[in-house]
1. Is segment 237-259 home to any residue that is free of Cβ contacts under 8 Å to residues at least 24 places away in the same chain and within 15 Å of the ligand (Cβ to nearest atom)?
2. Need at least 3 residues that are over 25 Å from residue 363 (Cβ atoms) per element, so show me which strands (runs of 3 or more DSSP E) inside segment 63-178 make the cut, counting only ones lying wholly within it.
3. So, of the residues in segment 63-75 that are surrounded by fewer than 23 Cβ atoms within 10 Å (Cβ to Cβ) and in contact (Cβ under 8 Å) with a residue 24 or more places away in the chain, which turns out to be nearest to the ligand (Cβ to nearest atom)?
4. Condition check: in contact with a helix residue (DSSP H, G or I) (Cβ under 9 Å, 6 or more places away or on another chain) and away from the ligand (no atom under 16 Å from the Cβ). Does residue 146 satisfy that?
5. From the set of residues in segment 29-47 that are in a strand (DSSP E or B) and more than 16 Å from the ligand (Cβ to nearest atom), which is surrounded by the fewest Cβ atoms within 10 Å (Cβ to Cβ)?
6. Give the residue that is surrounded by the most Cβ atoms within 10 Å (Cβ to Cβ), with candidates limited to residues of segment 267-277 that are outside any loop (DSSP other than H, G, I, E, B) and out of contact with any strand residue (DSSP E or B) (no Cβ under 7 Å at 6 or more places or on another chain).
7. Would you check which residues across segment 48-62 are more than 9 Å from the ligand (Cβ to nearest atom) and not in a loop (DSSP other than H, G, I, E, B) and list them?
8. Please list, ordered by first then second residue, the pairs with beta carbon atoms under 6 Å, 6 or more apart or interchain, first in segment 154-168 and over 13 Å from residue 122 (Cα atoms), second exposed (fewer than 15 other Cβ atoms within 10 Å of the Cβ).
Ligand code: UD1
């Protein structure tokens with residue numbers, strides 16, 4: 001009997017924790033399903049890509065399209081050209097895309113034009129903000145998909161409001177939480193002091209970090225509205241360096257894009273020399289999870305971290321004007337508040353969150369078994 005041929009796609013860092021449990025779950029159906037993993041190469045630095053494959057036990061990609069950095073059109077266009085050849089060579093029955101990065105959109109369009117079944121894991125998220133490249137990627141992937149795997153009822157409603165037939169929507173839960181639960185105990189065994197000393201950014205000042213593991217805040221920042229405009233980034237650096245880090249040590253894990261912008265705007269020195277800021281390079285999955293597990297508060301503009309904070313119970317200041325993940329917000333029972341890039345709002349939310357105890361807020365089906373549910377659906381198609 002011919003096996004079902006599934007080709008899944010990753011491109012950028014937030015995809016890796018979503019594909020790891022999916023690849024593993026498909027292994028359990030090897031007699032009926034053949035799996036091919038494609039990496040578009042959007043993220044290529046060792047610590048943005050390879051280190052996740054190693055830590056999360058993701059199989060070596062069968063194909064790497066080597067697309068690299070560029071404008072959105074360059075990334076999407078080059079991915080489509082290279083992926084079209086890959087699809088024609090391997091002839092999948094299904095292409096599975098995850099999340100909302102440029103690889104998601106490019107490969108969704110290509111798969112559909114090649115008349116291949118398309119499935120989207122993490123479907124139905126909407127910020128309703130079309131200035132976000134990710135929102136465009138989500139809408140395109142969802143509109144073209146034959147199977148839409150969602151992580152909450154809000155996502156289902158968003159899809160139905162856009163006219164997606166209900167029978168294509170499968171609520172399966174949050175696949176990223178599978179990875180979180182699989183790594184939680186290994187992460188807990190790590191020492192935050194070693195995470196800091198082992199990853200200090202070049203030029204960082206080595207300071208006494210005794211006791212830091214008992215009380216700190218964790219910070220990540222990479223979205224264009226926060227890091228691509230000098231005035232926005234400068235106000236944020238001033239807030240972190242002059243105010244927030246005076247109250248609690250701030251461990252700031254710096255994305256390559258942010259580092260580039262800090263350098264370009266002449267702000268890196270200020271961040272590096274602030275006595276309460278510990279600047280570290282991009283961290284591995286477990287290292288960041290460890291920081292989240294012990295942080296008094298997380299400040300971030302990432303989507304995934306907002307979700308992880310809910311499951312771990314870490315109060316979270318989300319430095320964005322909107323979110324495609326409203327289920328993470330306090331008003332929906334979550335642990336996060338939206339502040340945008342406004343320094344006054346961030347300051348207030350930070351103080352408010354510092355007073356709040358950790359409180360787990362786990363939505364239904366965010367239980368660590370999402371990949372199994374998805375694999376079972378494909379196994380049903382294969383039978
Ligand atoms: C991408 C995703 C974003 C996700 C983020 C997580 C899109 C549209 N955006 O944004 O949704 O939250 O990944 O990281 O897909 N760079 C390196 N090394 C790398 C990768 C990037 O130095 O391995 C630098 C390059 O200068 C590059 C810049 O970072 O130009 C931005 O990378 P890019 O992949 O375009 O977007 P991200 O900001 O990482």
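The values are calculated or read from the model by the stated rules, or taken from the named source; none is laboratory data. Please read all numbers here as calculations on a predicted model, not as lab measurements. Backbone-built Cβ (ideal geometry, glycine too); neighbour counts: all protein chains shown.
1. no
2. On the way: elements: 94-98, 117-123, 147-150, 169-171.
Here the list is empty.
3. At the first step, the residues of segment 63-75 found to be surrounded by fewer than 23 Cβ atoms within 10 Å (Cβ to Cβ) are 63-64, 66, 68-74.
Keeping just the survivors that are in contact (Cβ under 8 Å) with a residue 24 or more places away in the chain gives 63-64, 66, 68-69, 72.
Details: 63: 18, 64: 13, 66: 12, 68: 8, 69: 4, 72: 7 Å.
It comes out as 69.
4. Values: in contact with a helix residue (DSSP H, G or I) (Cβ under 9 Å, 6 or more places away or on another chain): yes; away from the ligand (no atom under 16 Å from the Cβ): yes.
Yes; evaluated as a whole, the condition is true for this residue.
5. Of the residues in segment 29-47, the ones in a strand (DSSP E or B) are 33-39.
Then drop every residue that is not more than 16 Å from the ligand (Cβ to nearest atom), which leaves 33-37.
Working: 33: 21, 34: 17, 35: 23, 36: 19, 37: 22.
This residue is 34.
6. Of all residues in segment 267-277, those outside any loop (DSSP other than H, G, I, E, B) come to 268-273, 277.
Those still in the list that are out of contact with any strand residue (DSSP E or B) (no Cβ under 7 Å at 6 or more places or on another chain) too: 268-270, 273.
Details: 268: 20, 269: 11, 270: 17, 273: 13.
Here the answer is 268.
7. Filtering segment 48-62 down to residues more than 9 Å from the ligand (Cβ to nearest atom) leaves 50-62.
Matches in segment 48-62: 50, 51, 52, 53, 54, 55.
8. none
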